[in-house]
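S.K.: Sharing a structure, written as structure tokens. Questions coming.
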Amino acid sequence: IDLHEMICREIENNLELAPEILRKHSKFFLLYIQFSNGYMAGSQRIERLRSSKRFRTFLEAQKNGTGLGFEAKKKKKMKIQRRVLRVTKTSLHTLLCPSRGSPGMNCC
């Protein structure tokens, strides 16, 4: 039962207690204002994400419990980037070093 139905049922059953019923549920109205203010933007974002294959894959992984959390993915990506950088530096150094191919010469 959503908030509207709950309040309406209570008021219909006890019309004379309507002010008290509204006061009892007033805390929910503050949350409702925040919810309704962000509802349109949130709905539009969800619609955009529904067409994203990456997002659907992410949701499936989370649902199945096989997905990495954001921090774990970030660490994994950084580890891969460091590895690529290390290989790239080594490759460039091998190509550009003046002592390359000269036995016994110290490299830079």
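The values are calculated or read from the model by the stated rules, or taken from the named source; none is laboratory data. Not measured: the values here are computed from a predicted model. No Cβ is skipped: glycine too gets one built from the backbone with ideal geometry, and neighbour counts run over all protein chains shown. Each accessible area value is taken on the protein alone, full model and side chains, heavy atoms only, with ligands, DNA and RNA left out. Shrake-Rupley method; radii C 1.70, N 1.55, O 1.52, S 1.80 Å.
S.K.: Among the residues of the range 94-102, are any open to solvent by less than 100 Å² (accessible area, probe 1.4 Å) and either assigned to a helix (DSSP H, G or I) or modelled with pLDDT of 65 or more (or both)?
M.R.: For the range 94-102, residues open to solvent by less than 100 Å² (accessible area, probe 1.4 Å) and either assigned to a helix (DSSP H, G or I) or modelled with pLDDT of 65 or more (or both): present.
S.K.: Within the set of pairs 6 or more residues apart or between chains, which connect a residue that is in a loop (DSSP other than H, G, I, E, B) inside the range 60-76 to a residue that is at pLDDT 65 or above and not polar (S, T, N, Q) with Cβ atoms less than 6 Å apart?
M.R.: Gly67/Ala61
S.K.: Here's a follow-up. Taking the range 15-29, which residues are in a helix (DSSP H, G or I) and not aromatic (Phe, Trp, Tyr)?
M.R.: Leu15, Glu16, Leu17, Ala18, Pro19, Glu20, Ile21, Leu22, Arg23, Lys24, Ser26, Lys27
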